[in-house]
Amino acid sequence: MSLLGGIRPPIAALSALLLALAALTAFQLGHVGRESVPPAVRTSQQYFAEDGAIALRASLDESITDIGRTASLFSSGEPVSPDSVLDKLGSVYQKWRGTAVIEIKSGRLEAQRGENLPLTALDLTALDGESGLAPRMVRLENGETRLLTLALLSWPDRPQQLLVASSSLNVPGISLGPSRAIAVLDSSGQVLGSDGIGGSGQEKKQLAKFAKTVAQKAAQHPLQAKEPGSGGFAGVSGSLLGDSRDGHRSVAGYAKLTGSQPGVGTDATALGLTVVSFVGVAEERSAAVDSFFWIAASAALLVLGALAVALLVTTVQRPLLRLFLESRRIGRGDLNRPVTVPKYGEAARIGAALDRLRRQLLGEPGAQSGSPRGGRRSRIGTRALLGVCGILLLVWSAPLLLTLNRAGASVDVPKAIVDDQRERTDTLADRVRRALNEGHADLTSVASVISDRTTPAELTKLLERTRNQHGRYESLYVLKADGTVLARAGGTPHHPAGKGPSKQPVTLVDSGNRPVITEYAEATGLAGAAVVGELRIDFLNALLKRPGLGEVRVVDAEHRVIGSSDGYRAFTPLSDAGLDALVGSANDKSGADAKSAAGEKPGKGPRAKGALIRDGGVAVAAAAPMTGGGVAQPLDWTVVTRQPAKGLEISAYTAQNRTVLAGLLGLTGAVACLGWIHIIVVRPLRDLARRAEALADGDRRTVVYPTHHDEVGAVTRSLEVIRLQLLEQRKRDAAGGTTGRTPGPAAPAGRN
């Protein structure tokens, strides 16, 4: 018989699956909530470090681009003094700790602003090399590290000069909260800059341990450092557990600087920097569901599974095997002993038909062709028996799938996750504010080199170059005081025709189907004119896409949606009343002190707020107004985030998911094995019962042939032998032979 056919393999497979599922339920799925720190908290720290790496990389690349573009703008115009270069640079950008201009040939310091720069670390003779103008890190005498950014100032008939800018390696715009620390490491694990490190030696020791481990992990290839298929951050990132002390444990996240696209590096990523952040969280070792539940579920599965398997063995397997033996006995000619007829299902019908065929072979008059069908047909079929087995297994699977271990509206979400949602939202709001301020600074830099002697062709070239260097602009143009567009690059301006530049540096206009964010920078060289840039709304939306924050939206002062990480309709109100109230609380300017649901300290004025929203499903939400100053401040925008708690790896939802998984595995195994039995055994058995009864009723012409080489196929072959014997018997009767003689096996044709 076939190794995969018959009744035994599916029943054996069902037994093995049920035993395996019972063991899995008792010993593996029940291990929920036993971690000292929930996986969701560790993942949140990883996301926090990734935010810091993205902010640092964007800040460094922006600074490097700004220095190079500023030097290019000055070099393309009339020669100016080094002091004028640094004064204009400082008036447009306030991001560098120190700037200087050096004459390359003589090495003389021409001008300097801010802190003293470590100029002795620069080799002025190697600037024409392949990486001569690449950014470089220099350590000061006090132990701090500075990043030096270089660019050339070149005018005809004048000595070439080097523009140098110094910046720190602290992560900009990161909201740390009350108990978090963040640091920047080099490729060897040395701390280059840090923030939030207290005076206690314990934090410094913990940072040193994390730095050593992070340096090893950051050296991996990004594809080898992450789980297969994991998306989001393109570089190396992860989380670490630190030391435990007084019921608290340090949890760290780390992320290496990487480009926005996998495999695409930048000047900042070439520095090999890694951001690591850590925070102390309370340890909680309380299982979400008592392990007795899983043991009881495993025991119930064993009992119900044993009943189902016993039912299949006693009502399907044994009767079928008995039919196989009886049919083979009758086919061999042993007709003296009656057929043992099973009690249920198609096996009972086939057994009754076999006994009638036995009597017909014996030549009994009452069993001749055309006689009425003997016995009463069983009302309980094999399909009904399979249905009973399925119901037994469904009794175990259905409650797990639908009702048991459900995390309701009172689910406990760790406070650290709510705090992280608030701080990450505040960081994202600062990132949006900085992007708008940087855009305006770029326009101001362009406007500073425009004069009444600049031709429209030169303006167009300047605008095109600026638009190519910065992908944030959809349209760039120079607008005169009377509303005339003097030069343009990019799309068609949305500024009202015939109207002069706005007095507001940043405005928001509803164009009917999309918001238009427009920035104005006054061109002092042209009376009343301004350089205008219209930002792509996709640029704003791209800033909002960060894993672990859920749905991210930017709303204006009237709580209308301006941008979103997902699809949205511009200028529609927030659909969630809880989010709307949270935005109002974050922007409360009354000065009243209040504690939010996240438990943050009370404060006055607009500030980031976090909360658990339990209406319509538990969700972690936060709202952060853009309060850092700059030209974006008057917009009065707020970044609001909402992350459904069911997507977090916390004990309650992990227990719920594992319970559903156990029920799904049980249901799948039952459907697979019982479906196997139905296809391989039950359907052929029903067809065989019909053909056996037809043969017993006198149908001698229809050939009975097997479908599968198994027990049903063996019974089918025996019925075909009996059919041939009955045909031989009819021929002998027609020839006048003795009908009462017990016939032997059918003789070959031609020897009758």
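The values are calculated or read from the model by the stated rules, or taken from the named source; none is laboratory data. If you're wondering where the values come from, they're calculated on a predicted model, not measured in any experiment. Don't worry about glycine lacking a Cβ; one is built from the backbone with ideal geometry, like all the others, and counts go over all protein chains shown. The protein model used for the area step is the full one, side chains on, heavy atoms only, and it has no ligands, DNA or RNA in it. Shrake-Rupley method; radii C 1.70, N 1.55, O 1.52, S 1.80 Å.
Points to keep in mind about this one:
- Pairs, first in contact (Cβ under 8 Å) with a residue 12 or more places away in the chain and among the small types (Gly, Ala, Ser) in region 681-703, second outside any loop (DSSP other than H, G, I, E, B) and open to solvent by 50 Å² or more (accessible area, probe 1.4 Å), C-beta under 7 Å, six or more apart: none
- Qualifying residue in region 531-547 (condition: farther than 30 Å from Gly647 by Cβ and β-branched (Val, Ile, Thr)): yes
- Within region 505-527, considering residues that are at pLDDT below 90, under 27 Å from Arg560 (Cβ atoms) and part of a loop (DSSP other than H, G, I, E, B), the one least open to solvent (accessible area, probe 1.4 Å): Ser511
- Top-ranked residue of region 160-174 - restricted to ones that are out of contact with any Lys or Arg (no Cβ under 8 Å at 6 or more places or on another chain) and over 23 Å from Asp83 (Cα atoms), ranked as surrounded by the fewest Cβ atoms within 10 Å (Cβ to Cβ): Asn170
- The set of residues from region 73-94 being under 46 Å from the mean Cα position of the chain (by Cα) and either surrounded by fewer than 18 Cβ atoms within 10 Å (Cβ to Cβ) or part of a strand (DSSP E or B) (or both) comprises Gly90, Ser91, Gln94.
- Leading residue by the ranking (nearest to the chain's Cα centre (by Cα)) among those in region 464-493 that are surrounded by fewer than 18 Cβ atoms within 10 Å (Cβ to Cβ) and part of a loop (DSSP other than H, G, I, E, B): Gly471
- Taking the criterion of being farther than 15 Å from Asp51 by Cα, open to solvent by less than 10 Å² (accessible area, probe 1.4 Å) and β-branched (Val, Ile, Thr), the residues of region 418-453 that qualify are Val418, Val446, Ile450.
- Note on region 541-564: among residues that are basic (Lys, Arg) and crowded, with 20+ Cβ neighbours inside 10 Å, the one that is modelled with the highest pLDDT is Arg553.
- Qualifying residue in region 528-540 (condition: open to solvent by 20 Å² or more (accessible area, probe 1.4 Å) and either closer than 14 Å to Ala623 by Cβ or touching a Pro at 6+ places or on another chain (Cβ under 8 Å) (or both)): yes
- Total residues in region 97-120, condition among the small types (Gly, Ala, Ser) and open to solvent by less than 20 Å² (accessible area, probe 1.4 Å): 3
- Tally of residues being more than 41 Å from the chain's Cα centre (by Cα) and without any contact (Cβ under 8 Å) to a residue 12 or more places away in the chain across region 109-131: 7
- Flag if Val214 is open to solvent by less than 20 Å² (accessible area, probe 1.4 Å) and of a type in the set (A, V, I, L, M, F, W, C): yes
- In region 260-278, the count of residues that are surrounded by fewer than 17 Cβ atoms within 10 Å (Cβ to Cβ) and in a helix (DSSP H, G or I) is one or more.
- Test: residue in region 151-166 that is part of a loop (DSSP other than H, G, I, E, B) and at pLDDT below 80: no
- Close Cβ contacts (under 7 Å, 6 or more residues apart or on different chains) running from residues in region 497-526 that are without any contact (Cβ under 8 Å) to a residue 60 or more places away in the chain and of a type in the set (Phe, Trp, Tyr) to residues that are surrounded by 14 or more Cβ atoms within 10 Å (Cβ to Cβ) and part of a loop (DSSP other than H, G, I, E, B) are absent.
- Test: Gln202 is open to solvent by 50 Å² or more (accessible area, probe 1.4 Å), more than 31 Å from the chain's Cα centre (by Cα), within 20 Å of Ser250 (Cα to Cα) and not aliphatic (A, V, I, L, M): yes
- Restricting region 144-159 to residues that are among the hydrophobic types (A, V, I, L, M, F, W, C) and farther than 13 Å from Leu56 by Cβ leaves a set whose member that is surrounded by the fewest Cβ atoms within 10 Å (Cβ to Cβ) is Trp155.
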